[in-house]
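The values are calculated or read from the model by the stated rules, or taken from the named source; none is laboratory data. The model shown is predicted, which means the values in this text are computed figures rather than measured ones. Positions of Cβ are backbone-derived with ideal geometry, glycine not excepted, and every protein chain shown enters the neighbour counts.
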């Protein structure tokens, strides 16, 4: 697997009041999109994919930067974890989501539910030999991502409050 690419499973990971959508590359809290930079988002996806397992700093570095990259990996990981904790409102001393195992790595604690559907929709292009099948969830998520629906909902809520 190349640096920066993740094999996020289809669906949305739900833990507590958060939804982590690997397809849209978005973290939402109660339906509102949260701002999380690229590397912290990749790290959060990795940790969630491996919920309950120890993810070592070496594995994190290889996944985020690949081999042979000359960056301050230790500082980069620490910064990414700090940003994730800030967004998730997680505490180092009493973690709800991310546990630190000093000198070893990190573990995602919250067992996420994965929202998936089994319904599929066939999409056929104008070229007869091209046909692709999507789950209803995949198609719906693609539409929601393209339309940026969570942001539209939040703007509507704010305008109603005014």
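Filter region 49-66 down to residues that are part of a loop (DSSP other than H, G, I, E, B) and touching a residue at least 60 places away in the same chain (Cβ under 8 Å) and give me whichever is surrounded by the most Cβ atoms within 10 Å (Cβ to Cβ).
To start, the set of residues in region 49-66 that are part of a loop (DSSP other than H, G, I, E, B) comprises 50-54, 66.
When the remaining residues are screened for being touching a residue at least 60 places away in the same chain (Cβ under 8 Å), the result is 51, 66.
Numbers: 51: 16, 66: 13.
Top of the filtered list is 51.
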Which of the residues belonging to region 64-97 are under 16 Å from residue 37 (Cβ atoms) and touching a strand residue (DSSP E or B) at 6+ places or on another chain (Cβ under 9 Å)? 77, 81, 84, 85, 87, 88
Among residues of region 78-126, those that are part of a loop (DSSP other than H, G, I, E, B) and modelled with pLDDT under 70, counted: 7
Out of all the residues in region 5-16, is one or more at pLDDT 90 or above, under 14 Å from the mean Cα position of the chain (by Cα) and surrounded by fewer than 18 Cβ atoms within 10 Å (Cβ to Cβ)? no
